[in-house]
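Before any comments, here is the structure.
The values are calculated or read from the model by the stated rules, or taken from the named source; none is laboratory data. What you are looking at is a predicted structure, and each value in this text was computed from that prediction instead of being measured. Cβ placement follows ideal geometry from the backbone for every residue including glycine, while neighbour counts extend to all protein chains displayed. Just so you know, the surface numbers come from the protein's heavy atoms only, side chains and all, with ligands and any DNA or RNA stripped out. Shrake-Rupley method; radii C 1.70, N 1.55, O 1.52, S 1.80 Å.
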Amino acid sequence: MIELVFLFLIISGTYAYSLKFWKKNSFRFSEFVSTCLKYLHYFTFGLSLSFVFFDYSLRGIWTTQVVIIISIFICVFYNLIAQKSVLNKVEKYYFTFFSFLPILFFGLVIIPMIGFIIVVSLIGQLFNPVDKIYYEDNKLRVQSSFVGVLAPPRIKVYKKFGIFEKEYKDENLNFEDIDSIKVDYKNDTANLYIWYDYSENPNTPEKFKIKL
């Protein structure tokens, strides 16, 4: 843990030192490409917010993560690789603020315990979206996902709609130690049959119904 804290502080310090050389960078994209990058960031940032607040994401295990990574990369490094002339005054403040994001983020580790937990948990959620897939077809995916360094992987169920998928949330759907899952469909309902690693009746599955 101590080693990681020092590593994050080194990354933050190195990045902070490099900022003073950004203005001297001779390579920058054209105004047309800079404008495209700006609007690509706004588009991917809007999608990222919809993932957070509406539980919708793009279909696929890594698709959502790729969108978020693109959005973060553009807003952090925009002032290094793009032409500022395509930005209005508010946009200049916006991208300048986000250029300091890595310093603020990795600098959180100086907060005892909680800062380190936040940094590692967020990195883990971004780069390790799936721990194990228990079941998947063209309508559903049941998986375990990393949620934090102090918490066990959480079981998530996603319903698929075209190019989107939505997390199914039910307080009664909180199973652990899954051995296997079987799913059958009847009309617009999915029936989940769940067998557990440790069960008093290993031959009798627990049943859940999900409205599609």
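Data for the structure
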| read-out | value |
| --- | --- |
| Elements of type strands (runs of 3 or more DSSP E) in region 121-163, at least 1 residues being touching an Asp or Glu at 6+ places or on another chain (Cβ under 6 Å) | 140-145, 154-161 |
| Close pairs from region 147-171: first at positive phi, partner among the charged types (D, E, K, R) and open to solvent by 90 Å² or more (accessible area, probe 1.4 Å), Cβ under 6 Å, at least 6 apart | none |
| Residue match in region 130-138 (condition: of a type in the set (Lys, Arg), modelled with pLDDT under 85 and open to solvent by 80 Å² or more (accessible area, probe 1.4 Å)) | no |
| In region 40-53, the residues that are open to solvent by 50 Å² or more (accessible area, probe 1.4 Å) and either touching a residue at least 24 places away in the same chain (Cβ under 8 Å) or touching a Cys at 6+ places or on another chain (Cβ under 8 Å) (or both) | Leu40, Phe45 |
| Test for Ser34: is it within 30 Å of Val130 (Cβ to Cβ), open to solvent by less than 70 Å² (accessible area, probe 1.4 Å), assigned to a helix (DSSP H, G or I) and among the polar types (S, T, N, Q) | no |
| Residue count for region 1-51, restricted to those that are under 29 Å from Thr64 (Cα atoms) and of a type in the set (Phe, Trp, Tyr) | 9 |
| Options Ser144, Ser180, Ser99: the member that is over 15 Å from the mean Cα position of the chain (by Cα), small (Gly, Ala, Ser) and over 29 Å from His41 (Cα atoms) | Ser180 |
| Residue identified as under 28 Å from Asn25 (Cβ atoms) and of a type outside the set (S, T, N, Q) among Phe54, Phe100, Phe146, Phe161 | Phe100 |
| Long-range neighbours under 7 Å by Cβ, at least six apart or interchain, first residue within 17 Å of Thr35 (Cα to Cα) within region 91-107, second polar (S, T, N, Q) and assigned to a helix (DSSP H, G or I) | Phe95/Asn79; Thr96/Asn79 |
| Hits in region 1-28 (condition: over 18 Å from Met113 (Cβ atoms) and among the β-branched types (Val, Ile, Thr)) | Ile10, Ile11, Thr14 |
| Given (1) at pLDDT below 90; (2) more than 19 Å from Tyr15 (Cα to Cα), index of the condition Phe106 fails | (2) |
